[in-house]
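The values are calculated or read from the model by the stated rules, or taken from the named source; none is laboratory data. Owing to the predicted nature of the structure, the values given are computational and were not obtained by experimental measurement. Every residue, glycine as well, gets a Cβ built from its backbone with ideal geometry; the counts of neighbours run over all protein chains shown.
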Amino acid sequence: MNKVTFFLSLVYFLFFNSITAQNILHVATIGSDSSGNGSESNPYKTLQKAEQKVKAGDTVYVHTGTYRNSDFNDGDIWGGENLLKITANGTATNYITFKPFPGDVVILEFDATYGVLIKDSSYLIFEGFDIKGISDNITQTEADDAWGLYIDKNDGQVYNLEDEIGISYPNPSPYKRGDDIPKISKNLTKPSYFSGKGIVANNSHHIIIRNNIVRETPGSGIRSNGSDYVTIANNEVYNCTFYTTAGSGAVTVAEAKVIPENDLFEGVKIILEKNYIHHNENRMVSYASSKDFLHFVIDEGTGLFLTRNLTYNHGYIQISNNISSYNGASGIVVHFTERVIVEHNTVFKNGTTNDSSAGGIGINNTDKLTIRNNISYAEPNHWAIGTLANPNTSLTVANNLVYNEDGSESISRNISTGWTEENPLFEDSVNGDFSLKSTSPAIDNGSTDGTQTTDYFGNNRDTSPDIGAIEFGSVLGIKDEDKLDAIQMYPNPTKSLLNINIKDANLEKGKIEIFDISGRLIQSKLITKDWIQLDLKGPIGIYVIKIQNNNSIIIKKVVKQ
């Protein structure tokens with residue numbers, strides 16, 4: 001190659017890469033979709049405008065504020081504009097990213113069918129947002145009154161199922177609770193106001209949904225439907241699925257399919273990991289429009305839910321290192337799904353509202369399923385591990401720790417091996433701390449066949465892994481006992497301000513990080529003096545303080561009241 005050719009090639013390379021280089025687009029409540037250009041000084045006003053401009057490799061930074069769908073609070077219960085619909089596509093080497101500007105807090109509040117709909121999209125990261133539905137604005141009476149309302153898609157008219165089946169919901173008379181009540185199968189639309197979903201990936205692939213809070217959505221918090229290569233990780237999902245009449249879990253994977261169609265990879269492709277799923281429940285009797293009967297019970301509101309995935313022909317789904325607690329139905333359910341690994345999860349006191357005795361890890365029509373190294377602690381009169389329906393073939397159950405509190409219900413249902421019944425001894429389960437006490441029977445008793453090298457907090461598991469989501473010592477662990485004693489942290493509990501005195505701990509040139517109980521980093525601060533004051537601005541609950549330098553890592557717990 002001569003010098004001229006080389007020079008032209010270099011110019012072309014630099015020019016091409018400048019075109020394809022990552023761009024940053026900004027969105028702010030004070031911005032403008034008409035005159036803004038997406039720069040930090042002249043941002044767009046809506047996320048949807050940024051989505052229309054985004055290209056492979058771009059990052060959309062959203063600045064502090066509350067963003068709502070354009071017709072928010074207009075009184076329409078049937079639909080409305082989604083807050084954000086993403087159809088953009090990145091590439092395998094240039095993901096598109098939507099996230100808050102560093103240090104900013106962004107709330108996406110919606111009352112439509114979806115808060116964020118990711119449809120026909122690929123190679124996308126969506127992270128760091130607070131997604132808020134409107135369940136806290138809905139009363140049980142309002143939801144009950146709307147229970148049977150639907151629009152018949154054939155004629156566009158509004159009908160009420162109560163009139164057709166002859167009941168006055170929630171009273172099933174002349175039927176009784178638990179009956180199968182005949183109805184007509186119809187192609188219909190239910191009011192979306194009572195079933196809005198937080199983040200949904202539909203017909204998409206290579207999607208990462210991580211580090212979000214999803215709360216108060218009437219329907220599912222996070223859902224993947226007809227998608228592949230989806231990772232749902234490090235999210236907190238709570239107070240969801242209250243008012244939907246559709247079969248929903250707080251985090252749901254449904255009707256997964258191989259994308260692209262010729263993909264034959266048989267490894268793990270869909271991952272649900274390190275999520276904190278709690279206090280989600282269903283308060284309504286659900287019914288499917290396609291069925292000619294409804295079963296008059298409350299049986300939805302599962303924490304982590306795999307359903308109707310027999311459409312998924314290649315690849316595994318993995319549920320690992322999650323905490324699923326105080327949900328209405330089971331903590332984890334695998335339903336009509338094949339090739340699944342469920343391991344190192346902590347499932348605690350689920351089954352809060354459902355009519356059945358299910359409340360732990362349940363399976364129904366599965367094949368090639370592994371349930372390993374999980375803790376399942378059930379409510380009284382609920383079983384901790386079991387089959388909801390058969391067949392369940394090629395089932396592996398190993399090294400699980402199960403327990404229920406002095407109930408009359410058997411600890412398991414049709415799964416007789418692969419578990420030990422004993423109290424796992426959590427540190428403070430009442431306040432959401434599921435780390436293990438030093439006397440816990442879960443310590444060092446996990447199977448070494450597990451695939452997880454880290455725990456819920458991202459800390460390494462050793463060669464004798466513990467059962468459950470949290471490896472002993474990873475939250476309250478200490479790598480230097482004398483330095484731990486030298487750190488003074490007060491007041492604890494605190495209402496807001498936390499003082500940390502590290503004068504005698506020799507932790508110079510280090511940093512302090514604050515995590516919430518879900519493992520999400522809340523704030524980080526360099527150590528520049530012996531005394532530091534932190535403002536815990538988040539909600540009440542347990543926080544983890546991590547103090548470290550090159551030589552030591554000290555981890556402490558603080559409670560905000």
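Here ASP144 meets the list (1) at pLDDT 95 or above; (2) not assigned by TED's automatic domain parsing to the domain that holds LEU188 almost entirely, failing just condition (2).
Filtering region 1-58 to residues that are among the hydroxyl-bearing types (Ser, Thr, Tyr) and modelled with pLDDT under 95 leaves THR5, SER9, TYR12, SER18, THR20. Taking first residues from region 302-313 that are among the basic types (Lys, Arg) and partners that are part of a loop (DSSP other than H, G, I, E, B), the Cβ contacts under 8 Å between residues at least 6 apart in sequence or on separate chains come to ARG308/GLU255. For region 168-206, a residue qualifies if it is small (Gly, Ala, Ser) and not in a strand (DSSP E or B), and the qualifying residues are SER173, GLY178, SER185, SER192, SER195, GLY196, SER204. The set of residues from region 86-98 being under 20 Å from ALA28 (Cβ atoms) and of a type outside the set (A, V, I, L, M) comprises THR97, PHE98.
To keep it simple, each residue is scored yes or no on (1) touching a strand residue (DSSP E or B) at 6+ places or on another chain (Cβ under 7 Å); (2) part of a loop (DSSP other than H, G, I, E, B).
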site: THR396; (1), (2): yes, no
site: ASP406; (1), (2): no, yes
site: GLU409; (1), (2): yes, yes
site: SER435; (1), (2): yes, no
site: THR451; (1), (2): yes, yes
site: PHE457; (1), (2): no, yes
site: ASP466; (1), (2): yes, yes
site: ILE470; (1), (2): yes, yes
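Can you work out which of the residues in region 120-150 that are aromatic (Phe, Trp, Tyr) and assigned to a loop (DSSP other than H, G, I, E, B) is surrounded by the fewest Cβ atoms within 10 Å (Cβ to Cβ)? My answer is TRP147.
Residue by residue, here is whether (1) farther than 24 Å from ALA256 by Cα; (2) not assigned by TED's automatic domain parsing to the domain that holds LYS197 holds:
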| site | (1), (2) |
| --- | --- |
| LEU84 | no, yes |
| THR87 | no, yes |
| ILE96 | no, yes |
| PRO102 | yes, yes |
| GLU127 | no, yes |
| ILE138 | yes, no |
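The set of residues in region 26-37 being under 30 Å from the mean Cα position of the chain (by Cα) and either outside the structural domain of VAL106 (by TED's automatic domain parsing) or of a type in the set (Gly, Ala, Ser) (or both) consists of ALA28 alone.
Here ILE277, ILE232 are screened, and the one residue that is closer than 22 Å to GLY359 by Cα, modelled with pLDDT of 95 or more and outside any loop (DSSP other than H, G, I, E, B) is ILE277. Test ASN400 against the criterion of being assigned by TED's automatic domain parsing to the domain that holds ASN365, under 30 Å from ASN211 (Cβ atoms) and under 27 Å from the mean Cα position of the chain (by Cα), and give yes or no. When the stated conditions are applied, ASN400 passes them. Residue pairs whose Cβ atoms lie under 7 Å apart, separated by 6 or more positions or on different chains, with the first residue in region 158-171 and not assigned by TED's automatic domain parsing to the domain that holds VAL285 and surrounded by 15 or more Cβ atoms within 10 Å (Cβ to Cβ) and the second in a loop (DSSP other than H, G, I, E, B) and of a type in the set (Ser, Thr, Tyr), do not occur. Restricting attention to region 490-503, the residues being at pLDDT 75 or above and buried (at least 18 other Cβ atoms within 10 Å of the Cβ) number 3.
Scanning region 341-360 for residues that are without any contact (Cβ under 8 Å) to a residue 60 or more places away in the chain and surrounded by 24 or more Cβ atoms within 10 Å (Cβ to Cβ) gives VAL342, VAL347, ASN350, GLY351, ALA358, GLY359, GLY360. If we scan region 313-331, do we find a residue that is surrounded by fewer than 24 Cβ atoms within 10 Å (Cβ to Cβ), in the same structural domain as LEU425 (by TED's automatic domain parsing) and among the hydrophobic types (A, V, I, L, M, F, W, C)? Looking for residues that are surrounded by fewer than 24 Cβ atoms within 10 Å (Cβ to Cβ), in the same structural domain as LEU425 (by TED's automatic domain parsing) and among the hydrophobic types (A, V, I, L, M, F, W, C), one finds none in region 313-331, hence no.
One line per residue, one yes/no per condition, for (1) within 27 Å of ILE555 (Cα to Cα); (2) touching a Gly at 6+ places or on another chain (Cβ under 8 Å); (3) part of a strand (DSSP E or B):
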{"residue": "THR417", "(1), (2), (3)": "no, no, no"}
{"residue": "THR420", "(1), (2), (3)": "no, no, yes"}
{"residue": "GLU427", "(1), (2), (3)": "yes, no, yes"}
{"residue": "VAL430", "(1), (2), (3)": "yes, no, no"}
{"residue": "THR439", "(1), (2), (3)": "yes, no, no"}
{"residue": "ASN445", "(1), (2), (3)": "yes, no, no"}
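Within region 448-466, residues that are at negative phi reach partners that are hydrophobic (A, V, I, L, M, F, W, C) and outside any strand (DSSP E or B) with beta carbons closer than 6 Å, at six or more positions or on different chains, in the pairs ASP455/ILE470; TYR456/ALA469; TYR456/ILE470; ASP466/ALA442; ASP466/ILE443; ASP466/PHE472.
Matching residues to (1) more than 26 Å from GLU427 (Cβ to Cβ); (2) over 17 Å from the mean Cα position of the chain (by Cα):
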| position | (1), (2) |
| --- | --- |
| LEU264 | yes, yes |
| GLY267 | yes, yes |
| LYS274 | no, no |
| ASN280 | no, no |
| THR307 | yes, no |
| SER320 | no, no |
| TYR326 | no, no |
| ILE332 | no, no |
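Restricted to region 190-216, and to residues that are β-branched (Val, Ile, Thr) and out of contact with any Lys or Arg (no Cβ under 6 Å at 6 or more places or on another chain), which residue is modelled with the lowest pLDDT? Filtering region 190-216 for residues that are β-branched (Val, Ile, Thr) and out of contact with any Lys or Arg (no Cβ under 6 Å at 6 or more places or on another chain), the one modelled with the lowest pLDDT comes out as ILE213. Within region 79-99, the set of residues being assigned to a strand (DSSP E or B) and closer than 13 Å to THR46 by Cα comprises LEU84, LYS85, ILE86, PHE98.
Listed here are the residues, each with its yes/no results for (1) part of a strand (DSSP E or B); (2) among the charged types (D, E, K, R); (3) at pLDDT below 75.
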residue: ALA505; (1), (2), (3): no, no, yes
residue: LYS509; (1), (2), (3): no, yes, yes
residue: ILE522; (1), (2), (3): yes, no, no
residue: LYS525; (1), (2), (3): yes, yes, no
residue: LYS529; (1), (2), (3): no, yes, yes
residue: VAL544; (1), (2), (3): yes, no, no
residue: ILE547; (1), (2), (3): yes, no, no
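Can you tell me which residue is surrounded by the fewest Cβ atoms within 10 Å (Cβ to Cβ) among those in region 216-259 that are hydrophobic (A, V, I, L, M, F, W, C) and under 27 Å from PHE293 (Cα atoms)? It comes out as ALA246.
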